[in-house]
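To keep things clear, I will list the structure first and then write my remarks on it.
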Ligand SMILES: Nc1ncnc2c1ncn2[C@@H]1O[C@H](COP(=O)(O)OP(=O)(O)OP(=O)(O)O)[C@@H](O)[C@H]1O
């Protein structure tokens, strides 16, 4: 089992994302979130679990600026933020390489440089040799890898994940979790990860936040003790089961 201190201890006072007493009520009158406060520092990977409809995606959309708060405040200190959705959202007419190049292309990065950066990002997610393939020629897991490469090519300080592995089969999902925590160890972005899976949250994260049923509020903040990279077998350790059990219990109590 790995050591008990996170490999990237947060730097005191340095926060990439701060939510301070955030409320979100939609124009329809639906109160999605109430009094949500959280901080994510560089080197923290924070997962949010909660019952369906409790406001998890809304939380992510607020953090990304896609939605506006109706109360409280959000501060983001990041020169680049990436968003990975549940669907890979690739452009079918562009190759894997050209999909990953899209963001640097839109930012005016010269062709040679963006090609090199995209190739590096694809290699990082294990897709060397697949650069010229189009999305339809790739498996679900490979398409998600392209989507993650596209997020990484922006060298994000903050990476937001909206249940990216929810549509994958169980074996691919476990593989992608192993990949993602390896990339996190390497890149040290601040991560906010939404998931329905308690074991996924515990395996990936430095902290797991549990949300109540709607309107969502944070009811538990569970620190995860292991350093990165984390071996896949960590999931079978008794301590892993105990922590996952504590998260599940908090979830059950507040659903
Ligand atoms: N644009 C919107 N307009 C009105 N209501 C919305 C909007 N987006 C989300 N909601 C409502 O806000 C609540 C929270 O939705 P959200 O998608 O954030 O939940 P979630 O926890 O991500 O759900 P799930 O786990 O099922 O994906 C729901 O009741 C939803 O119907």
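The values are calculated or read from the model by the stated rules, or taken from the named source; none is laboratory data. None of the values given here were measured: they were computed from a predicted structure. We place every Cβ from the backbone using ideal geometry, glycine too, and count neighbours over all the protein chains shown.
Restricted to segment 61-82, and to residues there that are within 14 Å of the ligand (Cβ to nearest atom) and outside any loop (DSSP other than H, G, I, E, B), the residue that is farthest from residue 121 (Cα to Cα) is 62.
Scanning segment 223-241 for residues that are within 28 Å of residue 69 (Cβ to Cβ) and surrounded by fewer than 20 Cβ atoms within 10 Å (Cβ to Cβ) turns up at least one hit. What is the residue count in segment 62-85 for residues that are within 23 Å of residue 255 (Cβ to Cβ) and surrounded by fewer than 18 Cβ atoms within 10 Å (Cβ to Cβ)? So the count comes out to 0. For segment 153-171, does any single residue satisfy the condition of being surrounded by fewer than 20 Cβ atoms within 10 Å (Cβ to Cβ) and part of a helix (DSSP H, G or I)? Yes, because at least one residue in segment 153-171 is surrounded by fewer than 20 Cβ atoms within 10 Å (Cβ to Cβ) and part of a helix (DSSP H, G or I).
When 230, 143 are checked against the criterion of being in contact with a helix residue (DSSP H, G or I) (Cβ under 7 Å, 6 or more places away or on another chain), outside the structural domain of residue 55 (by TED's automatic domain parsing) and over 19 Å from residue 38 (Cβ atoms), 143 stands alone in meeting it. With respect to (1) outside any helix (DSSP H, G or I); (2) outside the structural domain of residue 48 (by TED's automatic domain parsing), the lone exception for residue 114 is condition (1). Checked against (1) crowded, with 18+ Cβ neighbours inside 10 Å; (2) under 13 Å from the mean Cα position of the chain (by Cα), residue 119 passes all but condition (2). The set of residues in segment 207-234 that are over 10 Å from residue 254 (Cα atoms) and out of contact with any strand residue (DSSP E or B) (no Cβ under 8 Å at 6 or more places or on another chain) comprises 225, 226, 227, 228, 229, 230, 231, 232, 233, 234. Which one is farthest from the ligand (Cβ to nearest atom), of the residues in segment 83-104 that are out of contact with any helix residue (DSSP H, G or I) (no Cβ under 6 Å at 6 or more places or on another chain) and assigned to a helix (DSSP H, G or I)? Across segment 83-104, the extreme among qualifying residues is 98. The sole residue among 128, 163, 179 that is more than 27 Å from residue 33 (Cβ to Cβ) and within 13 Å of the chain's Cα centre (by Cα) is 179. Entry remark, segment 122-137: residues being at pLDDT 90 or above, touching a helix residue (DSSP H, G or I) at 6+ places or on another chain (Cβ under 7 Å) and part of a helix (DSSP H, G or I) number 2 in total.
Across segment 98-112, the number of residues qualifying as touching a residue at least 24 places away in the same chain (Cβ under 8 Å) and farther than 9 Å from residue 150 by Cα comes to 1.
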